[in-house]
1. Regarding residue 249, is this residue surrounded by fewer than 20 Cβ atoms within 10 Å (Cβ to Cβ) and either within 29 Å of residue 16 (Cβ to Cβ) or in contact (Cβ under 8 Å) with a residue 40 or more places away in the chain (or both)?
2. Are any of the residues in the stretch 331-350 within 30 Å of residue 233 (Cβ to Cβ), more than 13 Å from the chain's Cα centre (by Cα) and free of Cβ contacts under 8 Å to residues at least 24 places away in the same chain?
3. Being open to solvent by less than 40 Å² (accessible area, probe 1.4 Å) and not in a helix (DSSP H, G or I) is the filter here; which residues of the stretch 29-82 pass it?
4. Just a yes or no: is a residue in the stretch 91-113 touching a helix residue (DSSP H, G or I) at 6+ places or on another chain (Cβ under 8 Å), open to solvent by less than 20 Å² (accessible area, probe 1.4 Å), in a helix (DSSP H, G or I) and without any contact (Cβ under 8 Å) to a residue 40 or more places away in the chain?
5. Is it the case that residue 325 is open to solvent by less than 40 Å² (accessible area, probe 1.4 Å) and more than 15 Å from residue 29 (Cβ to Cβ)?
6. Do the conditions hold for residue 169, that is, is it under 25 Å from residue 317 (Cα atoms), among the aliphatic types (A, V, I, L, M) and modelled with pLDDT under 90?
7. Being assigned to a helix (DSSP H, G or I) and either at pLDDT 80 or above or under 20 Å from residue 337 (Cα atoms) (or both), is that true of even one residue in the stretch 184-195?
Amino acid sequence: MRKTKKRLGEIDFVLFAIILTLTSFGVLMVYSASSYSAAFNSNNAEFYLWKQLSWAVIGTIAMIITMNIDYHIYKKHTGKLMILTIILLLLVFLFPPINGARRWISLGPLGNLQPSEIAKYVVVLFLAMYIDRKGEKIKEFKQGLFPCLAVTCVYAGLILAEKNLSITMITILVATTMLIVAGIDLKKVFALGTVVVLGGITGIILEPYRARRITGFLNPWESAQGDGYQLIQSLLALGSGGLTGVGIGQSRQKCFYIPEPHTDFIFAIIGEELGFLGCLFVIVLFVMFLWRGLVTILRSKDVYAMMLSTGIVAIITFQALINIAVVTVSMPTTGVPLPFISYGGSSLVINMAAMGILLNITRQNNYQGI
């Protein structure tokens, strides 16, 4: 008897449009934010534009591919992906550090691969699979919570060893969110949160530059030419933008005042060039993404889909929230890029591939056949 191919419903078009809008807007803003420094350093104002555009095209192709793959198939390959990711996380130590951190694997002319970007999604894949298999037993400590914590801590520990505290904390936050959704006792969650906070404080104490970031955040004007410099320049960019901004491409802070303005602090350039309305546009897009993500979670056909979509939505939401909070000086500086908008090839492609998985879940949620 011949197997019939599983039919799928329509994708969540609103979610699809949000992702493409954020990505397209990101390419535009990377070009605007990087043109001055690119022209000065490489004699080509479009240097970062063509790189980001290329990665955006590759990311879109990756999203279309994963959008058409049944998300259940990842259960079979999660173990292999976990092993491969650990190898990649260890490989970074074979390459020379960049700005004091070992986070990247050099791919020559193709750029750099950041394994921690893969690791946070691999943790989501594992937790979704494990929670689905364990059912109600996930609420027990020995058979449920402990294995989840152990695996999360292994990956978080390897990411932390690369001097990437921000992605470490995001990985732990996402894992905690998934466990809460799975029904873990809130007392255990509180205990876990206490351990995470203590671990974060320890991580700050062990690295003096992290402690300086805290003091720089508390009073940036005290060290205006030191640890508070980038925060002050960010505030100047946001403040000078006013309601409608100084105009696209007209930023002054991108002229070597904000270091690498096309990466983690690109939201400040958006605020300067497009003003409050431009910032509001980006925030509304991320709020709409969260809305459609929550709809996907609530409509999920099975536990695996619910947990997988919870993890994917949580990663993007936490990263956007933290990045915007840092740029607006609402929290200490961390190296978290703004999803889909900040410059970065591996981050963009991996995020968009994950969006394809989320869109595949929406397709199966929307299928109304028998």
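The values are calculated or read from the model by the stated rules, or taken from the named source; none is laboratory data. Keep in mind that this is a model prediction, so the values were computed, not measured. Note: ideal-geometry Cβ built from the backbone for every residue, glycine included; neighbour counts use all protein chains shown. Surface areas here come from the heavy atoms of the whole protein model, side chains and all, with no ligands, DNA or RNA. Shrake-Rupley method; radii C 1.70, N 1.55, O 1.52, S 1.80 Å.
1. Numbers: surrounded by fewer than 20 Cβ atoms within 10 Å (Cβ to Cβ): yes; either within 29 Å of residue 16 (Cβ to Cβ) or in contact (Cβ under 8 Å) with a residue 40 or more places away in the chain (or both): yes.
Yes.
2. Step one: filter the stretch 331-350 for residues within 30 Å of residue 233 (Cβ to Cβ), giving 331-350.
Checking the rest, the ones that are also more than 13 Å from the chain's Cα centre (by Cα) come to 331-333.
Then keep just the ones that are free of Cβ contacts under 8 Å to residues at least 24 places away in the same chain; that gives none.
Taking every residue of the stretch 331-350 in turn, none turns out to be within 30 Å of residue 233 (Cβ to Cβ), more than 13 Å from the chain's Cα centre (by Cα) and free of Cβ contacts under 8 Å to residues at least 24 places away in the same chain.
3. 45
4. no
5. Working: open to solvent by less than 40 Å² (accessible area, probe 1.4 Å): yes; more than 15 Å from residue 29 (Cβ to Cβ): yes.
So residue 325 passes the test.
6. Numbers: under 25 Å from residue 317 (Cα atoms): yes; among the aliphatic types (A, V, I, L, M): yes; modelled with pLDDT under 90: yes.
The answer is yes for residue 169.
7. Within the stretch 184-195, the subset assigned to a helix (DSSP H, G or I) is 186-195.
The next check asks that each one be either at pLDDT 80 or above or under 20 Å from residue 337 (Cα atoms) (or both); those that pass are none.
So far as the stretch 184-195 goes, no, none of its residues is assigned to a helix (DSSP H, G or I) and either at pLDDT 80 or above or under 20 Å from residue 337 (Cα atoms) (or both).
Yes or no, residue by residue, for (1) of a type in the set (Lys, Arg); (2) within 28 Å of residue 24 (Cβ to Cβ); (3) modelled with pLDDT of 95 or more:
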{"residue": "48", "(1), (2), (3)": "no, yes, no"}
{"residue": "72", "(1), (2), (3)": "no, no, no"}
{"residue": "93", "(1), (2), (3)": "no, no, no"}
{"residue": "113", "(1), (2), (3)": "no, yes, no"}
{"residue": "126", "(1), (2), (3)": "no, no, yes"}
{"residue": "132", "(1), (2), (3)": "no, no, no"}
